[in-house]
Amino acid sequence: MFVRVKTTPKSPRKTVQIVESKRVNGKVKQRIVQYIGVALDDNELEELKSLANSIKIKLELDEQLPLYSAKEIEKLEEYSNKNKKSKTANSSNPPQNPQNIPTEDRDAYNVNLLDVIEEDRVIKGIHDVYGKMYDELGFNRILANPARNVASNRTLKEIVLSRVANPDSKRGSVLDLEENYGVNLDLNAVYRMMDKLSDKQILKLNQTAYDKTRALFEDKIDVVYFDATTLYFESFDEDEFKKNGYSKDGKFNQPQVVLALIVTKSGLPIGYKAFSGDTFDGHTILYALQDIQEHYKIDNVVFVADSGMFNKNNLEEFDKVYKPFLFKYKEYKWSSQKIKYNLIDQQKQYITFNKNYNITYIVGARIKNMHKTIKTQILDMSNYKDIDDNTKVATFEYQGKKLVVTHSKKRAKKDKFEREKGIAKVKERLQKSSSVKSQLSNSGYKKYIELEKPNSTDKEGNKAACDISLVLNQEKIDEDALWDGLKGIITNNTKLSNEELIHQYSNLWQVEESFRITKHDLKIRPIYHWKPQRVKAHLAISFMAYTLVRHLEHRVRLQYIKLSPEKIRKTLLSIQVSILYDKKTDKKFAMPSKISNDAKKIYKLMGVQIRTKPYLM
């Protein structure tokens, strides 16, 4: 097999196919094994070729590696021969498999519609498509000893698919699977399965996800994106893992865990890691960098994160001995021992990194918080050069690193609009009441208001010290306006151009969208489990669901059109089968629903057969 690219004369269209050469009657003929897609530019062509190569490798492995051993094949043949004899002896009974029913035998399908009722309706699209993707990604081999854990593997797959289709609690998922998918699971079996997702299996899951993502890029992952978020529990009890901390969900009185996620510039997952709830976001990145070197074997990579990840202390640690990366920390271990994440403790734990690794960073800069000298240079627009009609860029040296600042007209317009919108709200609230007490909860507008000196006097003519009100701070408003449209990034990468640095940082929205998908689409929070091992298993199941969603989205975009994960989910949920019961003949029929064009394309690119005709059950 090989990947073939066919060009169209006088057109930018290039078709990517997987082709097989065979000798027929002394002549070599080529057969298209699988159509991959059409590329309109070089970037699309490279992505399609990478996808084609990953599919080709899988097809070749399927041809070379038998599913069963020689002894198992002999047993299957014996069973098959017995089954054939049994069918011959009972040939008077109507066949149950629609594939074995002769096309001319239509008597089995003759029914009176007045005798037919709809007994049930089952959703098929999720299991057909995401189920195949689940197996292709190798998730059916995550649990230890798959051959001995067949039931647990099936349970894990069903729970993951349920989280893709309709995220709910484990109890809710079991009920939903039974009601809408025709799948019966025991809730206790679900919990037993979760207990089998040990730390070793979670590490294997991360490695599997990384390997499958890397295969799509022909082992060329050179930019990764990182961020962390918090996930809260429906509980008020803390333990060594669930702890109160700074909550991005506003649940400061409830325990939480911190989830760190690493993705590619396309949003495809590389791995994840969970930390106790009182861990500061910025401390998670150092462990993530360690994982990249130890587990993911990436030699050269640009690490992109926002300003909250690479704070001043982290940058100093990052550049301490060797550039671009110099030391690593001891591996984080799950234990009951309380682990404090502060730089003083961490500095005692580092050992030298392998200097053959080249990990550089691009991080958001908090330019408003820098010292006065550099701020003056940033605000001097004569230092900027035009990139295009909308954007200007300037480069500065800052503490031995490269500071790139851009000015965007569109961003300036947006910043001005947001500020004026905030000022209007402040004025509205001040008109209602200018007392300090009424503005205490007005956290979003505090920077625009200041205390006004008391003007009222008491009966003796003395100023009343307690009569304090709030007014707009015009000086602060004017100062903020100077920074409209400005955005800064800091990097130690000396190879990328300013345009490339800006482009890579602009893709940081991919990891932000990834958290939106996990939090809202897959509803990873709130977490209803209490045991640390169950919590980790819940996060692993959610990560598996996220990986399925992203990989299918990526394939659909390359081979068809860009569809959002939610659009794909709704499309697959619409593919259903009605179970019809004939009261007179006691027969059951399956009647597939109408399938949209999007669904047909998704089925085709995943290589899943579509059933459009009714069949006997």
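The values are calculated or read from the model by the stated rules, or taken from the named source; none is laboratory data. What you see is a predicted model; the values in this text were computed from it and never measured. So basically every Cβ, Gly included, is an ideal-geometry build from the backbone, and we count neighbours across all protein chains shown. The protein model used for the area step is the full one, side chains on, heavy atoms only, and it has no ligands, DNA or RNA in it. Shrake-Rupley method; radii C 1.70, N 1.55, O 1.52, S 1.80 Å.
Annotations for the structure displayed:
- Per residue, segment 534-592 exposes 34 Å² of accessible surface when a 1.4 Å probe is rolled over the protein heavy atoms with every protein chain present.
- Computed with a 1.4 Å probe over protein heavy atoms only, the accessible area of Arg569 comes to about 50 Å².
- Solvent-accessible surface (1.4 angstrom probe) belonging to Lys604, in square angstrom, nearest 10: 150 Å²
- Between Asp135 and Asn507, the distance separating the two model label sites (each 7 Å from Cα on the Cα→Cβ line) works out to 3.3 nm.
- For segment 1-41, accessible area per residue (1.4 Å probe, heavy atoms of protein chains only), Å²: 71 Å²
- The Cβ shell under 9 Å around Ser21 holds other residues with a net charge of +3, Lys and Arg each +1, Asp and Glu each -1.
- Entries in Lys401/Lys421; Lys447/Lys495; Lys27/Lys56 that, when Cα-Cα distance is taken, lie over 31 Å: Lys401/Lys421; Lys447/Lys495
- In terms of its alpha-carbon gyration tensor, segment 117-221 comes out oblate; a/c meets the 1.5 threshold, while b/c is at least as large as a/b.
- For the peptides 15-26, 577-588, 173-184, residues were scored by their other Cβ atoms within 10 Å and the scores averaged per peptide; the highest-first order is 173-184, 577-588, 15-26.
- The P(r) of segment 531-604 has a tail past 17 Å containing 60 percent of all C-alpha pairs.
- Accessible area in the full protein assembly, largest first, 1.4 Å probe, for His538, His127, His503: His503, His127, His538
- For the set Lys265/Lys410; Lys170/Lys601; Lys170/Lys588; Lys157/Lys587, the pairs lying more than 25 angstrom apart at their alpha carbons are Lys170/Lys601; Lys170/Lys588; Lys157/Lys587.
- Shown for segment 534-617: the carbon plus sulfur share of the solvent-accessible area, taken with all protein chains present and a 1.4 angstrom probe, equals 52%.
- The candidates Ser574, Ser266, arranged from most to least accessible area with a 1.4 Å probe in the full protein assembly, appear as Ser574, Ser266.
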